[in-house]
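First the structure, in the form of C-alpha cells, and then the observations on it.
Values quoted throughout were computed directly from the atomic coordinates according to the rules given, and no laboratory measurement underlies them. What you are looking at is a predicted structure, and each value in this text was computed from that prediction instead of being measured. Cβ atoms come from the backbone with ideal geometry, glycine included; neighbour counts cover every protein chain shown.
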Amino acid sequence: DVEQLQRHFDATIERDQRIEPRDWMPEGYRKTLVRQIAQHAHSEIIGMQPEGNWLTRAPSLRRKAILLAKVQDEAGHGLYLYSATETLGADRADLTGKLISSRQKYSSIFNYPTLNFADIGVIGWLVDGAAIVNQVPLCRSSYGPYARAMIRICKEESFHQRQGYELLMTMMRGTDEQQRMVQDATDRWWWPSLMMFGPPDGDSPNTQQSMAWGIKRHTNDELRQKFIDMTVPQADALGVSLPDAGLAWNDERGHYDFSEPDWTEFKRVLAGSGPCNAQRLERRRAAHEDGQWVRDAAAAHAAKQAERQTG
Ligand code: 3HC
C-alpha cells in the first residue's frame, strides 16, 4: 500500500541511496525533478546561442575548433538531460513546447549578449565555472539517471572552464586593447554569473524540499559563496578586478564578503525582459519549426520499418 511505499522511499533517501526510474516515488518528487532537469536541459540548448554567435568569427582555426567542440558538448548535455526527464515520463516535444511558450524556464545567464571574443573566454571561466560548482553536487542527487548524467557532463564542463581561462590568460598577455576587452567582459558577466545560483535562500521556494529529497545537496547561497571563494583568486591570477567594491576576505567567516546582487534585475530577466530573451526564444522556435521536416521524415521512416517488420 502507499504508506509502505512511502516508507520505503523515505528510507532510501534517508540512507543516501538512489531512486531509480522503476521505483515508486511521490508525485511531488517526480514533478520537481522534471521541472529542474527539463530547465537544466533547456539551459544547455539555449546556451548554444550566445557562443554559437562567434563560431564564424573566431580569431583562429584553433579557437574555432575549441568553440565548435564546446557548443557541440552543450547540445549533447541538453539531449542527455532530456533523456533523463523521459525516464520520469516526460515527453521531449512537450518540454520543447513549454520552453518556446515560456511555460518553462532556462538559465537567466543566457539572456545576456556576447559582444566580442573575450566574452567567449569569460563565459568559459565564469559561466561554466559556476555551472561546475552547481553541478558537482548534483552528481550525488538522489535520482539515479540525473546523478549519472551529471558525472559525464561535469567532465566536459572542466574542459569548458579550462579553455575559457586559457583564452583569457592569452589575451591578458596581449595588447592593452585585449586586456581592456577581458576586463570589460568580466565586468559585464560577473553579476549575472552569481545569479545563476538562484535567488537568496530566503526567496527560494524549492530549496528546502529539494534538499529534503536529496535532489539538491547545498542551498543557492552556499554554492554562490563557494563559487566566489574559488573565483576571486583566479581573477587575481588573471590580473583583472571584479566589479564589486564590497568583495573582501573575512577571516572570521573564512569566506569572501560580497555585495548583494541586484535581485530586481534577476526578476526582470526571469520575467522575460533581459537583453536577449526575445531573440533567444525566437531562434529556438524557428529552429524547432525548421526541423519539423526532419521529425516527419524520421517518423515516416520508422513507420515503414515497422510495416516491413510486421510484413
Ligand atoms: N535562471 C532562471 N530561473 C531560475 C534561476 C536562473 N538562474 N535561478 C532560479 N530560477 C527559478 C527556478 O527554476 C524556480 O522557478 P520554477 O519553480 O518555475 O522552476 C525559481 O526561480 C525559484 O528558484 P529556486 O531556488 O526555488 O529553484 P530551484 O530549487 O530549482 O533552484 C537552480 C534553481 C539552482 C537553478 C536549480 O534548479 C538547479 O540547480 N538546476 C540545475 C542546474 C541548472 O539548471 N543550471 C543551468 C546553468 S547553465 C548550464 O548548466 C549550462 C552550462 O553548460 C554553462
For region 186-268, which fully contained helices (runs of 4 or more DSSP H) count at least 3 residues that are under 30 Å from residue 20 (Cβ atoms)?
207-212, 220-238
Pairs with Cβ under 6 Å, 6+ apart, first in region 136-148 and more than 18 Å from residue 82 (Cα to Cα), second within 12 Å of the ligand (Cβ to nearest atom)
136/154; 137/217; 137/218; 140/217
Filter pass, residue 71 being closer than 21 Å to residue 136 by Cα, within 15 Å of the ligand (Cβ to nearest atom) and free of Cβ contacts under 8 Å to residues at least 24 places away in the same chain:
yes
Looking only at region 36-52, how many residues end up being within 6 Å of the ligand (Cβ to nearest atom), within 23 Å of residue 213 (Cα to Cα) and crowded, with 24+ Cβ neighbours inside 10 Å?
1
The condition of being within 10 Å of the ligand (Cβ to nearest atom) and over 18 Å from residue 108 (Cα atoms) holds, among 209, 178, only for 209
In this structure, is residue 158 in contact with a helix residue (DSSP H, G or I) (Cβ under 9 Å, 6 or more places away or on another chain), part of a loop (DSSP other than H, G, I, E, B) and either more than 9 Å from the ligand (Cβ to nearest atom) or touching a residue at least 60 places away in the same chain (Cβ under 8 Å) (or both)?
no
Among the residues of region 212-221 satisfying the criterion of being more than 23 Å from residue 255 (Cβ to Cβ) and surrounded by 18 or more Cβ atoms within 10 Å (Cβ to Cβ), which is farthest from the ligand (Cβ to nearest atom)?
214
Any pair with Cβ under 7 angstrom, 6 or more apart, that starts in region 208-221 at a residue that is at positive phi and ends at one that is more than 9 Å from the ligand (Cβ to nearest atom) and among the aliphatic types (A, V, I, L, M):
214/13
Return a yes/no flag: does region 230-239 have any residue that is more than 16 Å from the ligand (Cβ to nearest atom) and among the charged types (D, E, K, R).
yes
